[in-house]
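Every number in this text was worked out from the coordinates using simple rules, so none of it is lab data. Model, not experiment: these values are computed from the prediction. In this analysis, Cβ positions are derived from the backbone assuming ideal geometry, glycine residues included, and neighbour counts consider all displayed protein chains.
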Amino acid sequence: MSPLHIQKGSTSHSAYNLRPTFSDVEERHTLAVLVDNEAGVLARVIGLFSGRGYNIESLTVAEVDHTGHLSRITIVTKGTPQVIAQIQAQLGRIVSVHDVHDLTTEGSSVERELAMFKVSGEGDRRVEALRIAEIFRANVVDSTLTSFVFEITGAPEKIDAFADLMRPLGLTEIARTGVAALMRGA
């Protein structure tokens, strides 16, 4: 067999192509950004996304250290690994930003979201909505003769699944808080 002959099914790798290969596939990432709690910081962070055409799927912001005046911004976005790395680097260059973590790649994390659903219906549809809410451990926080408001907490996928089941039963309105996330472990 000649050295240039490649057997069927085998692959060859060039010694000249030593650059790492990056994926062109967009993936969902959750970024946790610790910032100074002062006017204009959120606008600068969001401006970075809008100025470069990056979409934000979910955004939550809250003060997490009253004495240190620090807030945590949790951003869910999609992008290729290169785009996510670029976003992290650019966020890290903003003066008011103390820390940036990609919770999707740095280890396992826990994500939760709170949502409220208004479902209108009567008769069998009303009974079915209550049955599904019980299965999903959703709480009834308001009730009238023609509608319910359910409150549910869980992973975004759980919230989406609940919404899908409530649509044919008379879902009229949804309010979602956005994702809150923390790394697992120490």
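Within segment 69-127, the set of residues being surrounded by fewer than 18 Cβ atoms within 10 Å (Cβ to Cβ), in contact (Cβ under 8 Å) with a residue 40 or more places away in the chain, assigned to a strand (DSSP E or B) and over 17 Å from the mean Cα position of the chain (by Cα) comprises His98, Asp99, Met116, Lys118, Ser120. Restricted to segment 150-175, and to residues there that are surrounded by fewer than 17 Cβ atoms within 10 Å (Cβ to Cβ) and not in a helix (DSSP H, G or I), the residue that is nearest to the chain's Cα centre (by Cα) is Ala155.
Checking each residue in segment 152-169 for being without any contact (Cβ under 8 Å) to a residue 60 or more places away in the chain, under 23 Å from Ser109 (Cβ atoms) and not hydrophobic (A, V, I, L, M, F, W, C) picks out Thr153, Gly154, Glu157, Lys158, Asp160.
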